[in-house]
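So the structure is just underneath, and the comments pick up after that.
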Amino acid sequence: MGSLDLPYASSFKGGSETFLQNVFESILKTYLRKNPMAKTIWELVKSVDNEKISYDHFFFRTFKVDGYGIDSLASFFMDYGYKVGGRLDFPKKKVQVLWLSPPDVHFPDNGYGIGNGPLPRLVIAELLVEELSPESQEIIRKYLKPEGGKQAVLSSTLGSLIWEKPTSTDFNQLAKESEFAAWTLVYGYTMNHLAFAVHRLKHRFSDIKCVKEYFEEKGFELNKDGGVLKVSEDGLLLQVSAMSEKLVVEFADGVTQIVPASYIEFVERLVLPQFKDMPCDEIKEFHRREGLEQASAYHIMESTRFTA
């Protein structure tokens with residue numbers, strides 16, 4: 001499923017633009033603090049591209065139960081002008097995804113980063129808990145307290161779980177049926193991954209094939225599911241992601257275990273055919289391929305795969 005026929009961005013609606021940017025900065029800092037390998041890749045991109053980083057999207061995972069699903073995060077950002085761009089369904093994973101396009105915040109043509117460039121798209125996935133086995137549902141519902149989902153954005157910025165730390169028994173039992181569920185139970189609303197906007201980078205990293213070669217040369221493990229370079233059916237959306245690093249997690253029962261954490265993605269959006277003759281310096285984000293690609297998104301989610 002591609003993007004819906006909606007405008008690229010809505011106007012900025014309410015509150016402080018600076019406040020929204022600060023929320024994103026806090027989410028980003030928490031993500032980098034909790035994921036050393038992602039931070040290393042992020043710093044390499046900054047060093048190669050003279051610190052002019054731009055983001056394509058931020059991705060989150062949620063449970064669709066008791067107000068903890070997509071709306072628990074989306075409602076806050078939609079209050080600040082984010083707008084529904086499209087949906088994707090992954091029946092095999094029992095997951096559905098919503099992506100939001102950012103508000104039309106003014107930034108310089110050469111602007112970069114969250115403070116000076118375009119705000120990231122948001123991609124929020126939710127696990128359809130009611131489609132899991134009764135045993136898995138019971139484990140998840142045991143941890144999710146009523147009304148807790150209202151604290152989703154605060155949880156993302158702090159990197160703290162809203163619910164109690166799970167036991168290793170519950171985690172491993174859940175992982176047998178759904179790795180998505182087990183990952184979310186452990187990491188909660190901490191950002192699952194960020195994606196760089198390759199088409200807005202400069203120098204060597206402005207071509208996703210060069211990005212792929214660079215990180216392969218550096219020895220990073222890239223997601224090979226569906227091919228290292230994932231290309232949309234129309235050929236206009238190109239994606240590469242690293243496999244998530246594995247971190248030591250201590251569970252509530254004192255057991256420690258290695259669990260895949262978060263990762264980094266790179267996205268290149270090519271210019272739409274009707275704009276291919278426009279001068280390069282006039283190309284804006286809305287002239288490029290929008291949305292997500294069903295098959296590629298499915299493969300990208302395998303970046304947190306628990307087993308080989």
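The values are calculated or read from the model by the stated rules, or taken from the named source; none is laboratory data. Values in this document were obtained by computation on a predicted structure and should not be read as measured data. Heads up, the Cβs are rebuilt from the backbone with ideal geometry, glycines too, and the neighbour counts pull from every protein chain shown. Surface accessibility is based on the protein's heavy atoms, side chains included, excluding ligands, DNA and RNA. Shrake-Rupley method; radii C 1.70, N 1.55, O 1.52, S 1.80 Å.
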Point to revise | Degrees separating the helix 134-143 axis from the principal Cα axis of the chain, which is the longest one | key: 80 degrees
Exercise for review: Using 0.36 nm per residue of separation minus the Cα-Cα distance, give me the extension gain between N172 and F306 in nm, one decimal.
Suggested key: 47.1 nm
Exercise for review: For K64, tell me the accessible area in Å² from a 1.4 Å probe, rounded to the nearest 10.
Suggested key: 100 Å²
Check your understanding: Which value, in debye to the nearest 20, describes the size of the charge dipole of the chain about its Cα centre when Lys and Arg Cβ atoms bear +1, Asp and Glu Cβ atoms bear -1, and nothing else is charged?
Key -> 320 debye
Review point. How do V65, V231, V271 rank by accessible surface area computed with a 1.4 Å probe, from largest to smallest?
Key: V231, V271, V65
Practice item. Could you check which residue among D207, D234, D89 shows the biggest mean-square fluctuation in a GNM of the chain with a 10 Å Cα cutoff? Key: D234
Point to revise | Reported label for calculated semi-axes √(5λ) of the Cα gyration tensor in Å given (i) 31, 22, 19; (ii) 38, 22, 16; (iii) 41, 23, 18 | key: (i)
Exercise for review: Between beta-carbons, use under 14 Å as the cut-off and find the net charge around E130, counting Lys and Arg +1, Asp and Glu -1.
Suggested key: -3
Review point. Among the aspartates and glutamates, which have Cα under 15 Å from the Cα of K209 when same-chain residues fewer than 8 positions away are ignored?
Key: E217, E265, E268
Review point. For the chain, with every protein chain kept in place, what is the accessible area per residue (1.4 Å probe, Å²)?
Key: 45 Å²
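Contour minus end-to-end for D89 and H106, with contour as 0.36 nm per residue of separation and end-to-end as the Cα-Cα distance? Could you put the intermediate results ahead of the total?
Details: separation 17, 0.36 × 17 = 6.12 nm, distance 3.26 nm.
Extending this stretch completely gives an extra 2.9 nm.
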Point to revise | Nitroxide proxy distance, nm - points 7 Å out along Cα→Cβ at K46 and E138 | key: 4.8 nm
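Quick check: with the 1.4 Å probe, what order do K284, K29, K142 take by accessible area, largest first?
Details: K284 70, K29 140, K142 105 Å².
Per-residue accessible area, sorted high to low, gives K29, K142, K284.
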Practice item. Report relative contact order for the chain in percent, whole number only (criteria: Cα-Cα under 8 Å, sequence separation at least 6). Key: 21 percent
Check your understanding: Between K165 and E130, what length in nm is gained on full extension when 0.36 nm per residue of separation is reduced by their alpha carbon distance?
Key -> 10.4 nm
Revision key, fill the gap. Whole-Hz Karplus couplings 3J(HN,Hα) for region 67-79, θ = phi - 60° and coefficients 6.51, -1.76, 1.60, Gly and Pro as x, run x, 9, x, 3, 4, 4, 9, 4, 4, 4, 6, 5, 5
Practice item. Under 13 Å Cα to Cα from K176, which aspartates and glutamates show up? Leave out anything in the same chain fewer than 8 places away. Key: E135
Point to revise | Accessible area of the chain belonging to carbon and sulfur atoms, whole % at 1.4 Å probe | key: 51 percent
**Study point:** In Å², nearest 10: area of V129 left accessible to a 1.4 Å probe
**Key:** 0 Å²
